[in-house]
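Please read the structure below before turning to the comments.
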């Protein structure tokens with residue numbers, strides 16, 4: 001029997017819990033997607049779903065506030081352009097500050113996953 005696991009970021013998780021638990025993870029994933037190339041919001045959602053084999057499905061209600069906050073922090077820069085569907089879309093580019101933040105987030109994630117692994121192996 002095979003099991004599948006999916007995480008919907010922005011679903012029915014209580015607002016305060018969603019922010020505490022998932023915000024750092026979402027930031028890391030968005031920054032990592034943008035490291036490769038500029039992308040519009042819908043493209044970021046599709047890329048994350050594709051890269052995670054459908055495990056992470058980010059909702060617009062979580063993605064766009066995160067992108068706005070990242071833009072305010074100077075981690076990404078948004079610019080309006082025409083999408084591949086000939087529609088107006090805001091494309092996000094990773095800035096130098098965003099690359100530094102991505103490096104910090106990756107270090108933090110590595111430390112967290114190592115700590116969790118230690119707990120799970122000792123349980």
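Data table
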{"read-out": "Hits in the stretch 75-106 - residues which are over 16 Å from the mean Cα position of the chain (by Cα), closer than 16 Å to residue 32 by Cα and in contact (Cβ under 8 Å) with a residue 12 or more places away in the chain", "value": "97"}
{"read-out": "Residue 79 vs. criteria closer than 21 Å to residue 101 by Cα and modelled with pLDDT of 95 or more", "value": "yes"}
{"read-out": "Among residues of the stretch 63-79, those that are in a strand (DSSP E or B) and loosely packed, with under 14 Cβ neighbours inside 10 Å, counted", "value": "1"}
{"read-out": "Residue tally, condition loosely packed, with under 14 Cβ neighbours inside 10 Å, part of a loop (DSSP other than H, G, I, E, B) and without any contact (Cβ under 8 Å) to a residue 40 or more places away in the chain, over the stretch 42-62", "value": "1"}
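The values are calculated or read from the model by the stated rules, or taken from the named source; none is laboratory data. All values reported here derive from a predicted model rather than from experimental measurement. Using ideal geometry, Cβ is built from the backbone for each residue, glycine included, and neighbour counts are taken over all protein chains shown.
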